[in-house]
Amino acid sequence: MQNIETVTRMLHEDHKIMCAVIKGFCADDGVMEILEDSSCDWLASSRIEDLAKLKTKKTRLLIRLSQTCEIKEVVASSEASFESECNTIFLLQEEAKRQNITHGVILAIDMGDLREGIFYKYLNEVEEAAAMVIQSPNLELLGVGTNLGCFGGVITDAANMQGLIEVATHIEQKFSVTLPYISGMSTAAMEMIENKTMPPRVNHGRFGEAWLLGFDSVDNRRLAYLHDDVFLFKAQIIEIKDKPSQPVGTIGGNAFGQHVEFKNEGMMKRALLAFGTQDVAYEYLIPLDENIEIIGASSDHTIINLHGSENYQVGDVVTFKLKYHALLHLYTSRYVKKYVV
């Protein structure tokens, strides 16, 4: 609760909307109870299944572009969605008319990260999509939005935020409308939010990693004013043995077709943990015990170097902090038990 309230307060101080992204924990009921009582304004997910299960008074936003096969669910289970394709906008209008409701649309604008959205330089395409929404009686053009940092690693800065504002202004002048939201903020924008350099017109953001894990992957930065242990992963040791640090025998590919090289460190006290890559990519786990080193993993086992420690026994539990990638995987795995404490 402390993390979500801290980020929300930072945004509210600048008169901006806090939209909490819930896909990282698959809209888990236990976490959602906490979030529902928080001060955040909107809830967002890339999965319509997450939004459909919510019982909330907050605005629900689908942040992945709608699939044409799920238009009915999008209209029924979200108040707004990010869109960039005219054909999808047409289908949303038809479905919203059938359901006799108004659905909000935020036009997705690609400001250079090269994932979703109309490329910002193609204003004729922006106009076409905006016109289709404006002319649709059951749709409302809520604004424009962009995603940065998730694919191309583009950092949010004054230049791309000003570019997004210019796209919004172009629409407003072309169609004599006012766009209530410019959604340009995410965890990748935390430095601008901290320094209060985010332009006033950029007034809406979707945040996940910051409040979930207290981290900003784009800047590879721990956010010191937020907790980084909101989510922890615990795994049990099922074997401890002294073994060589390098495999013995003729070496080929492993179970995943990878050819892995191992440094010769002599004999090693190795422990097996009861999880593997089917559950999570170990590269995104951070052991609380800094003396533990993750060596590698197969589909069901993860191998760690105990560095000769005598403190561990079979049956003990090893605890990890998580990076965002790990949180996504662990919550998706049905083999990992989830507890809210």
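Summary of values
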read-out: 0 to 90° range, to nearest 10: angle between helix 123-134 axis and the chain longest Cα axis; value: 70 degrees
read-out: Relative contact order computed over the chain (Cα-Cα under 8 Å; 6+ residues apart), in percent; value: 13 percent
read-out: Cα centroid separation - region 219-249 against region 37-91, whole Å; value: 35 Å
read-out: Dipole in debye (nearest 20) - region 57-131, about Cα centre, beta carbon charges: Lys, Arg +1; Asp, Glu -1; value: 420 debye
read-out: DSSP bridge pairs, the chain: antiparallel proportion in percent, nearest 5; value: 45 percent
read-out: Relative contact order (percent, whole number), region 1-123, Cα cutoff 8 Å, 6+ residue spacing; value: 16 percent
read-out: Simple spin-label estimate for residue 33 and residue 225 in nanometres, 7 Å along Cα-Cβ; value: 3.0 nm
read-out: Volume of the Cα convex hull of region 42-194, divided per residue and given in Å³; value: 112 Å³
read-out: Alpha-carbon centroids, region 122-155 and region 316-341: separation in whole Å; value: 35 Å
read-out: Listed residues 305, 195, 147, most fluctuating in the chain (Gaussian network, C-alpha, under 10 Å); value: 195
read-out: 5 angstrom amide H check on residue 295, placed H, neighbours 5+ away; value: 303, 304, 305
read-out: Selected from 215, 170, 232, residue furthest toward positive end of dipole (region 164-277; charges at beta carbon); value: 232
read-out: Largest-first ordering by accessible area, 1.4 Å probe, given options 227, 170, 259; value: 259, 227, 170
read-out: For the chain, calculated [θ]222 nm from helices alone, where every DSSP H run of n ≥ 4 adds -39500 (n - 2.57); value: -8000 deg cm²/dmol
read-out: Helix 158-175 axis, angle to the chain major axis (alpha carbon atoms, nearest 10°); value: 30 degrees
read-out: Order of exposure, largest accessible area first, which applies to 219, 37 with probe 1.4 Å; value: 37, 219
read-out: Sparse-neighbour loop sites [trypsin sites (Lys or Arg not before Pro); region 169-206; at most 11 other C-beta within 10 Å; DSSP]; value: 196
read-out: Longest DSSP-loop-exposure-free segment, chymotrypsin sites (Phe, Trp or Tyr not before Pro), the chain, at most 15 other Cβ within 10 Å; value: 1-121
read-out: Accessible-area ranking of 144, 341, largest first, probe 1.4 Å; value: 341, 144
read-out: Geometric extent, Cα atoms of region 108-147 - Rg, Dmax (angstrom); value: 10.6, 32
read-out: Using alpha-carbon coordinates, inclination of helix 86-99 to the longest axis of the chain, degrees; value: 80 degrees
read-out: Region 288-320 residues near the modelled residue 246 label - backbone nitrogen below 19 Å, point 7 Å along Cα→Cβ; value: 295-296, 305
read-out: Partners for residue 338 among aspartates and glutamates (Cα-Cα distance below 17 Å; same-chain residues under 8 apart left out); value: 28, 29, 33, 50, 229, 279
read-out: Lysine pairs in region 1-126 with Cα atoms under 30 Å, if 8 or more residues apart or on separate chains; value: 20
read-out: Ellipsoid equivalent to the chain - semi-axes via the Cα gyration tensor, in Å; value: 43, 20, 20
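The values are calculated or read from the model by the stated rules, or taken from the named source; none is laboratory data. Just so you know, these numbers come straight off a predicted model, no measurement behind them. In this analysis, Cβ positions are derived from the backbone assuming ideal geometry, glycine residues included, and neighbour counts consider all displayed protein chains. For the accessible areas, the whole protein counts, side chains as well, though only heavy atoms, and no ligand, DNA or RNA atoms are used. Shrake-Rupley method; radii C 1.70, N 1.55, O 1.52, S 1.80 Å.
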